[in-house]
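Each value in this text was obtained by applying a stated rule to the coordinates, not by laboratory testing. The structure presented is a predicted model; accordingly, all values stated were derived computationally and were not measured. Here Cβ is always computed from backbone atoms with ideal geometry, including for glycine, and neighbour counts include all displayed protein chains.
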Amino acid sequence: MFKKITVLLLLVYRAESLSAQDIKYFFKTLPASYTNELSAKTRDSILQGKSYYPASNDSEEVRVYKLQEVDLKKSWLRIEMNYESGQRAFETIELRSFKTKNGNSIVVFSDFSGVPHQSWQNNLSVLSYTKDKELTKSPSLGLITKVSIKDFLKPNTPDSIIKKYEGYFSVNYELGLTSNNITLNLYGELYLEDFYKWLLGDTIEFLWKDDLFIKQKPIFNE
C-alpha cells in the first residue's frame, strides 16, 4: 500500500513538474522572428529573473527587459520592456499554452507596445507544437488577429464614427493577466456621447473549447 502511494505521489509530482516547465520551455523555443532582440540564451536568462539590457543601448536610451509574472496553472507568462532613461514607451510580450483534445499543445503569442494612454497590438499569433519539437505558425483558431475598435461596436455603426474615433482608442489582448481566459480589451474614453451609443462593451472574452477559441459577445468589464 505504501509503495503504491509513493508511486502515485511521484507520478503527480512528475506531471506537475512537466506542466510547470511547459510555458517556460515554449518561450525559450519560440522562433527567433517573434522576439528579434531576445536570443534563446537571453530568454533563458530572463526566465531566471535576470534583467536584459540590449547591446544597442546608449547613454540617451536605456531599455531593459524583465520577467513580470509567471502563472504555471494558467501556463502563462509576461515579459515587459521599459526605459530606465526617462522615456515612457513600453513593450509587453505574453505567451500562453493550451492543451488540445489529443494531448498536443498550441501556444498563443502576443506583443503590444505603446506609451501611456495609447498602445498598439503588434502581433497576435497562434503556434502549434509539432512532433519535431518545434513551434510552427498555425491558424488563429477563432482569435482575431487584426484587431479594431469595430469589434466592440454595433454592426450598423457608421463608418464616419469608426474613422473619427479609431485613433482615440487602444485595442490589446491580455492572455492571462486579469482573467482565466484570453480577453481582447478596448481602452480609452468610452463615454463620449456620439461614440458610447454605438458601443457594445469594452471586453471580448475567448473561451478555449474543443480546440477552438469561442468568441463571446462584448461586455463592459466593471
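Below, the figures for the structure above:
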| item | result |
| --- | --- |
| Principal-axis tilt of helix 2-28 within the chain, Cα atoms, nearest 10 degrees | 40 degrees |
| Nitroxide proxy distance, nm - points 7 Å out along Cα→Cβ at residue 37 and residue 99 | 3.6 nm |
| For the chain, size of Cβ-based charge dipole, Lys and Arg +1, Asp and Glu -1, in debye | 1160 debye |
| Sequence-distant residues sharing a close amide H with residue 153 (under 5 Å, placed H) | 200 |
| Fewest-first sequence of 96, 78 by Cβ atoms within 10 Å of each Cβ | 78, 96 |
| For a label point 7 Å along the Cα-to-beta-carbon line of residue 154, residues of region 171-195 with backbone N under 13 Å | 194-195 |
| Stretch gain in nm, segment residue 51-residue 84, where the contour uses 0.36 nm per residue and the Cα spacing is subtracted | 10.7 nm |
| Derived scalar couplings ³J(HN,Hα) [region 207-212; Karplus, 6.51 cos²θ - 1.76 cosθ + 1.60; whole Hz; x for Gly, Pro] | 9, 7, 8, 6, 6, 9 |
| Rough spin-label spacing in nm, given labels placed 7 Å along Cα→Cβ, for residue 130 and residue 222 | 4.9 nm |
